[in-house]
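One structure below.
Any read-out appearing in this document is the output of simple, stated calculations on the displayed coordinates, not a laboratory observation. Note that the coordinates shown come from a computational prediction; the quantities given were computed from them, not determined experimentally. Using ideal geometry, Cβ is built from the backbone for each residue, glycine included, and neighbour counts are taken over all protein chains shown.
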Amino acid sequence: MNCPICEIVIFDKEIEYCNKCGFEFIENKLLESEITEYQNRVNYHQHLYIWANRGDREAQNSLGLLYRYGDGFRKDVNEAVKWYKKASEQNEADAQNNLACLYEQGDGVTQDYKKAIELWEKSAKQDNMYAQYNLGWLYNTENGTEIDYCKATFWYEKSAEQGYMYAQFNLAWMYMYGRGINKDYLKSIEWYRKSAEQEYAVAQLFLGLMYQAGWGVKRDYSESIKWYQKSANQDYANAQYHLGLMYYQGRGVEQDYNESLKYFKKLAEEGHKKAKKMMGLMYLMGKGVKQSRKKAIKWYKKK
Ligand SMILES: [Zn+2]
């Protein structure tokens with residue numbers, strides 16, 4: 001039989017991976033209903049392999065991704081680096097971003113922030129929103145370069161304007177605290193909202209917090225609850241905690257200790273620090289539960 005990707009002849013039928021291209025043989029493990037979809041994928045992978053070898057930069061980047069994540073091929077970061085490099089040399093923006101991430105992590109290559117920055121800058125200047133975000137993050141943290149909030153904000157904004165929800169959130173945060181830019185709650189809430197509307201759970205929590213604090217917007221507890229709830233539905237622990245607090249304090253909802261206990265107990269059992277304190281407090285004060293010093297201490301001390 002032949003390898004469907006690189007077409008070398010394979011003699012051993014039990015082989016798991018092609019030893020030339022690394023293609024993963026799984027055909028004999030599939031159900032009948034899965035064969036068509038599998039064939040389509042194989043055709044796509046074959047197409048990429050051929051075009052990458054012919055020098056097509058987008059195919060080179062896509063093939064690199066397949067090797068990077070072991071999708072249809074044996075996972076092989078060295079192969080990924082090889083293809084990302086070929087594509088990067090042809091100025092393929094996604095490949096430059098992907099390769100930069102490997103240089104930042106030292107994965108498949110020696111860690112090298114200088115090279116990472118160089119590649120991210122090339123990619124970001126071609127308007128690649130992931131590279132713009134990554135560059136922003138680099139200037140925002142102490143990794144590999146001096147912190148520069150102005151540069152961080154500059155790149156977050158470029159990325160955010162292209163709709164990348166993580167950049168939108170970070171930009172909102174920079175506006176909220178006036179980092180690298182003048183503090184501006186109106187702008188902050190505008191970007192939190194854009195990110196939250198893309199279902200980013202952390203942004204949904206922060207939008208809720210802005211409504212609760214009345215920052216950049218009229219204080220509105222029911223809007224807070226609405227956004228906490230959306231975020232909590234995505235199982236985001238900090239949003240569930242804030243929802244628990246709203247029930248505890250009776251803000252935007254009827255005060256309901258049982259409801260808040262439901263949130264705090266679940267979170268405390270998962271090890272959420274503030275939720276453990278709230279459990280302790282509620283037992284100490286006998287709120288929603290029978291007062292018990294012993295149980296209060298148990299929750300305070302829980303690991
Ligand atoms: Zn092969």
Given a Förster distance of 25 angstrom, what is the FRET efficiency for Arg54 paired with Lys125, based on the Cβ-Cβ distance and rounded to 0.05? 0.40
With charges only on Cβ, +1 for K and R and -1 for D and E, what is the dipole size of the chain about its Cα centre, in debye, rounded to 20? 2440 debye
Taking the Cβ-Cβ separation of Lys287 and Ser222 as r and a Förster radius of 22 Å, what is the calculated FRET efficiency to the nearest 0.05? 0.40
Note, ³J(HN,Hα) from phi for the stretch 127-141, Karplus 6.51, -1.76, 1.60, rounded to Hz, x at Gly and Pro: 6, 6, 5, 6, 5, 4, 5, 4, 5, x, 4, 4, 6, 7, 10
Could you state the angle between the C-alpha long axis of helix 237-249 and the longest principal axis of the C-alpha atoms of the chain, as a value from 0 to 90 degrees rounded to the nearest 10? 20 degrees
Quick test of your reading: applying the under-4.7 Å Cβ rule, which cysteines of the chain are isolated? Cys101, Cys150
5 Å is the cut-off here: which amide hydrogens, built 1.01 Å from N in the peptide plane, fall below it relative to Phe73, excluding neighbours closer than 5 in sequence? Glu24
Below 25 Å, Cα to Cα, which lysines can Lys218 reach? Residues fewer than 8 away in the same chain don't count. Lys183, Lys187, Lys194, Lys226, Lys230
Of Phe73, Cys6, Leu245, which is farthest along the charge dipole of the chain in the positive direction, counting Lys and Arg as +1 and Asp and Glu as -1 at C-beta? Leu245
Treating the beta-carbon of each Lys and Arg as +1 and of each Asp and Glu as -1, no other charges, what is the dipole magnitude of the stretch 1-96 about its Cα centre, to the nearest 20 debye? 360 debye
Relative contact order of the stretch 76-187: what whole-number percent is it, with Cα pairs under 8 angstrom and at least 6 residues apart? 16 percent
Calc'd 3J(HN,Hα), the stretch 151-165, phi into Karplus 6.51 cos²θ - 1.76 cosθ + 1.60 (θ = phi - 60°), Hz, glycine/Pro = x, comes to 5, 4, 4, 4, 6, 4, 5, 4, 5, 4, 5, 8, x, 7, 5
For the stretch 82-91, in order, what is each residue's ³J(HN,Hα) by Karplus, 6.51 cos²θ - 1.76 cosθ + 1.60 with θ = phi - 60°, in whole Hz (x at glycine and Pro)? 4, 6, 4, 5, 4, 5, 4, 4, 9, 6
Of the peptides 23-30, 132-139, how do they stack up when ordered by the mean number of other Cβ atoms within 10 Å, highest first? 132-139, 23-30
Taking alpha-carbon centroids only, the stretch 183-261 lies from the stretch 56-77 a number of Å equal to 40 Å
Tell me the net charge near Glu58. Cut-off is 11 Å between Cβ atoms, Glu58 excluded, with +1 for each Lys or Arg and -1 for each Asp or Glu. -2
